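Heads up, the thing below is written out as structure tokens.
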Amino acid sequence: MKKTSASSTTMRDENFDLNKQDEESRAMHYWWRLASKFDECVKFKFEKIQNLSKLTPILKVLREMERLYLMSIESFDELRQKLMSYKVGDFWVPIGGINKEDLDIPPVNTILLVGFHNAGKSSLVNLMYSVLGQSGLIPFAQTSSGNDCGYTTLTMEEHNVLRSTRSGFCIYDTRGFDYDRVDEALLELKEWMAPDGVHHKKLCSRQEDHVLVPMLNNELEDASSSMFIKRSVNCVMMVANAYEIYKSLKLDDFKPLDALKQLYCSSSLNKSNGNPILILTHGDKLSTEDRIDCRLKICKHLGTSETNGIYDIVCVTEYGLLADEYDPISAYSVTEAVYRSLLISDRAQLVKKTFKDWALFALSCLMCFIASIFACLAQLFNVLAQKHKGKLKW
């Protein structure tokens, strides 16, 4: 009887520990439900809202997180399958009588990750591999957080996160920018956004690189290779360290937030299809209220929606593991972010140039050339006239 009692006590203790772990896990992954306004958000599920303007920004964020939770249960596998079978142009919708055959479709769509140092771009790439390519815990992109020697991405890296030869898109990981050198960042971003502006192993140069010359030797050799295909960027994901930004705001330091705004509102980015997709990382280091407040302050400063085109994603857990199996909401969010990027990319595909277009382009170039010749002649005759006028005075 004593043995039975002891074993039952042990089982109760084990069940208690498991229940405690489950509660901690739910609190971590469903963190928004701990918000003080969550009960008010729940009421809206059962009430008819005639005027959506009654929703405060906080309630909108809570409703968006609930949407992601429900979608992670109902639609994650379906959405992932769409990405697995995706080919460029699959998400394009005919508009204005233009057929898909009339589009100048690239072999793959290119999604560019940009952000400042320690934003979590490489960790986000690894999460994509784990969620979409089902790579498990194998890291494909080296991160600075997991390296004692202070590793940083020195060159662009092209990633096939589906790990498939039929993948219709690729992800480009880039070197992080410096908050103190925003002008340098804007110039480099402009270069990347130019046609054929990126390729695998392209060097991301910085002013301080003379210190890293020994580390750069092999990188420079690889970057000079002509074997890599040059690609044009179709969509941009901007990755921001929410914890770092909010910590600075608490100290009345607006430098990180202002730098993010300059990058986000850069004229180099094609805004015809809306703003870049914003990925907030490291939010799990903040309390629930601070995490929501940080998101609202960032969106207000950037002048963008707090729910549309923005995702709060935990890339790595507190134990240094990828969050896909532990955080279903982050797993679904990164999948939807990629899906949204491809929707934007396909919507922005350009129409093929016809013979008439090339003829008009050649004619315009010819007219500009002729105009420049006449401008030079006018300047020449003006100088000669001035000299002749001077001689007459003498």
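Overview of results
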quantity	calculated
Residue check, Ile279 open to solvent by less than 20 Å² (accessible area, probe 1.4 Å), in a strand (DSSP E or B), among the β-branched types (Val, Ile, Thr) and at pLDDT 95 or above	yes
Residue list for region 157-193, restricted to those being outside any helix (DSSP H, G or I), open to solvent by 40 Å² or more (accessible area, probe 1.4 Å) and either among the hydrophobic types (A, V, I, L, M, F, W, C) or under 28 Å from Tyr86 (Cα atoms) (or both)	Glu158, Asn160, Arg163, Thr165, Arg166
Residue satisfying all of: in region 50-75; under 19 Å from Arg295 (Cβ atoms) and among the polar types (S, T, N, Q); modelled with the highest pLDDT among these	Ser72
Of all residues making up region 93-107, the number that are over 26 Å from the mean Cα position of the chain (by Cα), more than 16 Å from Leu343 (Cβ to Cβ) and at pLDDT 80 or above	0
Region 53-95, residues that are farther than 23 Å from Ser333 by Cβ and either open to solvent by 80 Å² or more (accessible area, probe 1.4 Å) or assigned to a helix (DSSP H, G or I) (or both)	Ser53, Lys54, Lys87, Val93, Pro94, Ile95
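The values are calculated or read from the model by the stated rules, or taken from the named source; none is laboratory data. Here the structure is a predicted model, which means the values were calculated and not measured. Backbone-built Cβ (ideal geometry, glycine too); neighbour counts: all protein chains shown. These accessible areas exclude ligands, DNA and RNA; they are computed on the full protein's heavy atoms, side chains included. Shrake-Rupley method; radii C 1.70, N 1.55, O 1.52, S 1.80 Å.
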